[in-house]
Amino acid sequence: MKLREYEAKNVIKAAGIPVPAGFLIKSPDELTPHLAALGDAFVLKAQVDVGGRGKAGGILMADKATGTKVAQELFGKQIKGLPVKEVLAEQKLDIKHEYYLSITVDRSSKQPLILFTEAGGVEIEITAKEHPELIRKVVANPLMKDLPPFLIRELLSTAPKEIGPVINKLYQVFIGKDALLAEINPLVATPNGIFAADAKIIVDDNALGRQGITVNRDLSEREREAEKHGFSYVELDGRIGVIGNGAGLTMATLDLIEYYGGKAANFLDVGGGAESERVKNAVRLVASVPSVKVIVVNLLGGITKCDEVAKGIIAAEIPQKVIVRLAGTNEAEGRRLLSEKGYEMLDTMDLVVKKAVEVTA
């Protein structure tokens, strides 16, 4: 489960990582008592569980004179279908430099992977693609309570030494909170020190009870629909719809879209053994996302039969272009059915993703 920004900041603040002075408000009127503490300029951030919040108008600048009006504007918005019910009002920082810091799980080594770059404040995928040499990586033994100094030195290189304790404290949060991701982007240097200007923590759903966390998500209409059908579904901010079977294959599709310069609109895993009705519902759900211009269907047939997948795609009858990669059980029949209806099929995931990116370019 992804914690909201204010929840994530409460967690890292308790661990000793500095965060800007801020207050959670649930109506515009609640801002007034905090204006003096926020200073001359501050930022209002919608607390909604979607990606690309800033680009969708969910982060606005304000000052003492305009604060209430800007807060009213923000509370009146819907960010990607979600109404704004909570806003984080936060002091504006005098930023001198932005860094990126995250800890996630390296599936290959089965250890925490720590990423750090001095080119923060932008999407890490862009930096990884355009300037991979700027990203420093280390893996850490999950049984360690503290990171060894040599690992921190390896990450920092020429960055300020004051960031070292922040890295170690975020590592402790990652381990202690059963996290799948702990991220600070940007981690900023100011005249008053180092601060986490934003924070993201995703807790393993299997550990929510142990962590004492109650599921707090406000689901969008599409998320409720996905939950009803049992799909693993996450809405993103791109134009390429993605349907796969298996989390690994679906995530690999998303990664490849990023690699070729595209943007995925969603993650949808239909699961194994999907019959035509289930595939039809998945395709219609993704097609209902307003930003989707093309849909990639990338499925491997094992217990999932390719002819059933094809029947579901055809039955969905959506206006968007659908590009398909099918392989496995009943593949020939699935290809025949789709070919008769004029669907574009390509042999590899690589080719399918390249074509989808071209369509949305």
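The values are calculated or read from the model by the stated rules, or taken from the named source; none is laboratory data. Computed from a prediction, not measured in an experiment: that's the story for all the values here. Don't worry about glycine lacking a Cβ; one is built from the backbone with ideal geometry, like all the others, and counts go over all protein chains shown. Surface accessibility is based on the protein's heavy atoms, side chains included, excluding ligands, DNA and RNA. Shrake-Rupley method; radii C 1.70, N 1.55, O 1.52, S 1.80 Å.
Here the chain is treated as a sphere whose radius is the Kirkwood value from Cα pairs; by Stokes-Einstein at 10 °C and 1.306 mPa s it diffuses with a coefficient of 72 µm²/s.
Exposed loop sites were defined as GluC sites (Glu not before Pro) in DSSP loop states (anything but H, G, I, E or B) carrying at most 14 other C-beta atoms within 10 Å; in the chain the longest segment without such a site runs 1-122. Within a Cβ distance under 15 Å of Arg153, other residues only, what is the Lys/Arg minus Asp/Glu net charge? Local charge sum for Arg153: -1.
Every pair of different Cα atoms in the range 97-207 enters the Kirkwood calculation, which places the hydrodynamic radius at 14.1 Å.
Name the aspartates and glutamates eligible as straight-distance cross-link partners of Lys341: C-alpha to C-alpha under 12 Å, and not fewer than 8 places from it in the same chain. Excluding near neighbours in sequence, the set is Glu317.
Per residue, the accessible area of the range 126-267 comes to 51 Å², computed with a 1.4 Å probe over protein heavy atoms only.
Element breakdown for the chain at a 1.4 angstrom probe: carbon and sulfur atoms account for 52% of the accessible area.
Using a simple spin-label model with pseudo-atoms 7 Å out from Cα toward Cβ, Asn141 and Thr66 lie 5.4 nm apart. Between the beta carbons of Ile126 and Gln320, assuming R0 = 35 Å, the FRET efficiency works out to 0.85 to the nearest 0.05. Set the Cα radius of gyration of the range 21-91 against 2.2 N^0.38 Å, with N its number of residues, and you get 0.99. Taking each residue as 0.36 nm, the span from Ala37 to Ser339 lengthens on full extension beyond its C-alpha to C-alpha distance by 102.3 nm.
Rolling a 1.4 Å probe over the heavy atoms of the protein chains gives the range 21-91 an accessible area of 46 Å² per residue.
Ligands, DNA and RNA aside, Leu236 has an accessible area near 60 Å² when probed at 1.4 Å. With all protein chains kept in place, the per residue accessible area of the range 319-361 amounts to 53 square angstrom at a probe of 1.4 angstrom.
Relative to the longest principal axis of the Cα atoms of the chain, the long axis of helix 276-287 makes an angle of roughly 50 degrees. The string of couplings for the range 3-20 from the Karplus curve (6.51, -1.76, 1.60, θ = phi - 60°) is 6, 6, 4, 5, 5, 4, 5, 4, 5, 6, 5, 5, 7, x, 8, x, 10, x Hz, one whole number per residue in order, with x for Gly and Pro. Count Lys and Arg as plus one, Asp and Glu as minus one, and take only other residues whose Cβ is under 11 Å from that of Lys293; the net charge is then +3. A helix-only calculation puts the chain at -10000 deg cm²/dmol for mean residue ellipticity at 222 nm, using -39500 (n - 2.57) for each DSSP H run of at least four residues, averaged over all residues. Taking other residues whose beta carbon is less than 10 angstrom from the beta carbon of Val43, and scoring Lys, Arg as +1 and Asp, Glu as -1, yields +1.
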